[in-house]
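So the structure is just underneath, and the comments pick up after that.
The values are calculated or read from the model by the stated rules, or taken from the named source; none is laboratory data. Predicted, not measured: the structure shown is a model, and the values here were computed from it. Neighbour counts are summed over all protein chains in view; Cβ atoms, including those assigned to glycine, are modelled from backbone coordinates with ideal geometry.
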Amino acid sequence: MDETVSEFFRRTILKIPLTEMMTILKTWNFLSENQLQTVNFRQRKESLVQDLVLLCEENRASLNDAALLDIIYTQFHRHQKVWDVFQMSKGPGEDTDLFDMEQFKSSFKKILKRALKNVTVSFRDAEENAVWIRIAWGTQYGKPNQYKPAYVVYYSQTPYAFTSSSQLKSNLPLLGQALTIASKHHQIVKMDLRSRYLDSLKAIVFKQYNQTFETHNSTTPLQERSLGLDINMDSRIIHENKTEKERVQRVTQEIFGDYPQPRLEFAQYKLETKFKSDLNGGILAEREEPLRCLVKFSSPHLLEALKSLAPAGIADAPLSPLLTCIPNKGMNYFKIRDK
Amino acid sequence: MSVLRPLDKLPGLNTATILLVGTEDVLLQQLAEAMLKEDCTSELKVHLAKSLPLPSNVNRPRIDLIVFVVNLHSKHSLRNVEESLHHVDAAFFLGKVSFLATGDRRLSSHHGAAPGPHAADLRRPCAQRLGPEPAVPAAEL
């Protein structure tokens, strides 16, 4: 086995945490049960990795097998990457042909190889007619860099693709082009939506987040449906503003629903507006150019945090539509200009 | 006029009523529960309100102590208390009003994510009671 491939195997296997090693190797399904049984999984990690690389050599593992292992690792650790969302569209009057996965894959690979002689493209099918694509970029004269790959997750029955923000940004237009042409679309557009949580992005874009898991019983009294604060309440505690509390709960529920919110880490608002003042005159009021400012909200779970603001008494209900429209509009980057 | 007066009603027999006023309901709830756990010679009742004046159409017992809760991180909560003070009769301040400041734990960093997803995590229930002497006016907070 080639030195570089061997090294690639070593570094890829080294990334895998010991607790996940067995699961990932089994998912990869390249080393047989018997082979895995010959390995001591309780030894020091460096020695374990060495043993596993030797087994890969025995099986004459190729670069593609290593790339596949890398895809599986990334699938298990998808939160380590930040994902962007692209939406493709067909031209007017274009036929919606039946999608052929194999044709898509070969076409995608061909387009990239035609543009850049040195590129490694690997595929792994996933559920819901999705395919995970791993691309290691090279140049006309340099071999592909296996340690800075880009990932694309394309849901073939939809016009959406999710890409991991690769460090080699210059190849992004080529990637977009290959994706568009291979999937028989006309145009590709980057959405203003980005997060580490691929599944949440999926839920937002495919509008799957607003499904309650149990049957929604609309006759349940509001008190029981609220955050459970009222159920075990001490009768010695009296809420003076009960109607207002109930109103806030109702409004919050109307806007955010009963279901768990999709997970985003931030929302960013770029403001480019002219200064407005009640007082006539003043230096800023005469300024022709718009003021520029950036407001960023961040949280381990932004939408749940926003949902809890009004019930906690920190903000008034209803919240600004600029905050509540995020899952609906599928955006967490906003540019606000004067009308 | 919807002003709270300390002696406008007869006291209940062996009862004491505390009114907690503050914008953050969850915190008031926690404080009320903690108070009710303590031993009290009278039967204790705790009323929670977002602000004053209180809704007028309600029959309520005489209020023996008002505690205004202010979150040090929220100007809104301070302003809320300032405006509520207009609805408290001056006589109340003779030992029947207390101010509580919360949120003295520093937020770990201004860059990066907040400590927890829930708004309630932004402040610890480590309140500081401003002494047993006559209450300090809001302006000096």
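Quick notes
- Exclusive hit being farther than 14 Å from A:Met88 by Cβ and out of contact with any helix residue (DSSP H, G or I) (no Cβ under 7 Å at 6 or more places or on another chain), set A:Tyr155, A:Tyr141: A:Tyr141
- Here A:Glu304, A:Glu244, A:Glu272, A:Glu240 are screened, and the one residue that is acidic (Asp, Glu), closer than 24 Å to A:Met191 by Cα and within 11 Å of another protein chain (Cβ to nearest Cβ) is A:Glu304.
- Against the criterion of being more than 17 Å from A:Arg247 (Cα to Cα), away from chain B (no Cβ under 13 Å) and touching a helix residue (DSSP H, G or I) at 6+ places or on another chain (Cβ under 8 Å), A:Asn332 qualifies.
- Just so you know, in segment A:252-308 the residues that are part of a strand (DSSP E or B) and hydrophobic (A, V, I, L, M, F, W, C) include one that is farthest from A:Asp338 (Cα to Cα), and it is A:Phe266.
- Residues within segment A:144-168 that are under 28 Å from A:His301 (Cβ atoms) and loosely packed, with under 15 Cβ neighbours inside 10 Å, tallied: 2
- Of all residues in segment A:276-329, those being farther than 19 Å from A:Gly257 by Cα and of a type in the set (S, T, N, Q) number 4.
Listed here are the residues, each with its yes/no results for (1) among the β-branched types (Val, Ile, Thr); (2) over 18 Å from A:Phe76 (Cβ atoms); (3) under 21 Å from the mean Cα position of the chain (by Cα).
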site	(1), (2), (3)
A:Ala126	no, no, yes
A:Ala130	no, no, yes
A:Tyr141	no, yes, no
A:Ser166	no, yes, yes
A:Gly176	no, yes, yes
A:His185	no, yes, no
A:Val189	yes, yes, yes
A:Leu201	no, no, yes
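- For segment A:307-329, filtered to residues that are within 22 Å of A:Tyr197 (Cα to Cα) and among the charged types (D, E, K, R), the residue that is farthest from the other protein chains (Cβ to nearest Cβ) is A:Lys329.
- Out of A:Asp70, A:Asp51, sole residue that is in the same structural domain as A:Ile24 (by the TED database), out of contact with any Leu (no Cβ under 9 Å at 6 or more places or on another chain) and surrounded by fewer than 20 Cβ atoms within 10 Å (Cβ to Cβ): A:Asp51
- Entry remark, segment A:15-40: residues being surrounded by fewer than 14 Cβ atoms within 10 Å (Cβ to Cβ) and among the hydrophobic types (A, V, I, L, M, F, W, C) number 2 in total.
- Pick from segment A:309-339, criterion among the basic types (Lys, Arg) and part of a strand (DSSP E or B), ranking: farthest from A:Met191 (Cα to Cα): A:Arg337
- Residue in segment A:218-235 that is buried (at least 16 other Cβ atoms within 10 Å of the Cβ), modelled with pLDDT of 90 or more and among the small types (Gly, Ala, Ser) present: no
- Qualifying residue in segment A:45-58 (condition: in contact (Cβ under 8 Å) with a residue 60 or more places away in the chain and out of contact with any strand residue (DSSP E or B) (no Cβ under 8 Å at 6 or more places or on another chain)): no
- Hits in segment B:25-45 - residues which are farther than 22 Å from B:Val58 by Cα and loosely packed, with under 13 Cβ neighbours inside 10 Å: B:Ala34, B:Lys37, B:Glu38, B:Asp39, B:Cys40, B:Thr41
- The listed residues are B:Val81, B:Val46, B:Val70, B:Val58, and the only one of them that is facing chain A (nearest Cβ under 8 Å) and either aromatic (Phe, Trp, Tyr) or not in a loop (DSSP other than H, G, I, E, B) (or both) turns out to be B:Val46.
- Residue, farthest from B:Leu100 (Cα to Cα), within segment B:22-43, restricted to residues that are at the interface with another protein chain (Cβ under 9 Å from one of its Cβ atoms) and β-branched (Val, Ile, Thr): B:Val26
- Screening the candidates B:His86, B:His73 for the property of being of a type outside the set (D, E, K, R), exposed (fewer than 14 other Cβ atoms within 10 Å of the Cβ) and more than 23 Å from A:Arg236 (Cβ to Cβ) yields one hit, B:His86.
- Subset of segment B:1-24 (residues that are closer than 23 Å to A:Ser308 by Cβ and either loosely packed, with under 12 Cβ neighbours inside 10 Å or touching a strand residue (DSSP E or B) at 6+ places or on another chain (Cβ under 7 Å) (or both)): B:Leu20, B:Val21, B:Gly22, B:Glu24
- Any hit, segment A:86-103, residues being of a type in the set (Phe, Trp, Tyr), modelled with pLDDT of 95 or more and either part of a helix (DSSP H, G or I) or touching a helix residue (DSSP H, G or I) at 6+ places or on another chain (Cβ under 6 Å) (or both): no
- Every condition in (1) without any contact (Cβ under 8 Å) to a residue 40 or more places away in the chain; (2) within 25 Å of A:Ser165 (Cβ to Cβ) is met by A:Ser122 except one, and the failing one is (1).
- Inclusion of A:Ala136 among residues that are of a type in the set (A, V, I, L, M) and surrounded by 20 or more Cβ atoms within 10 Å (Cβ to Cβ) is warranted.
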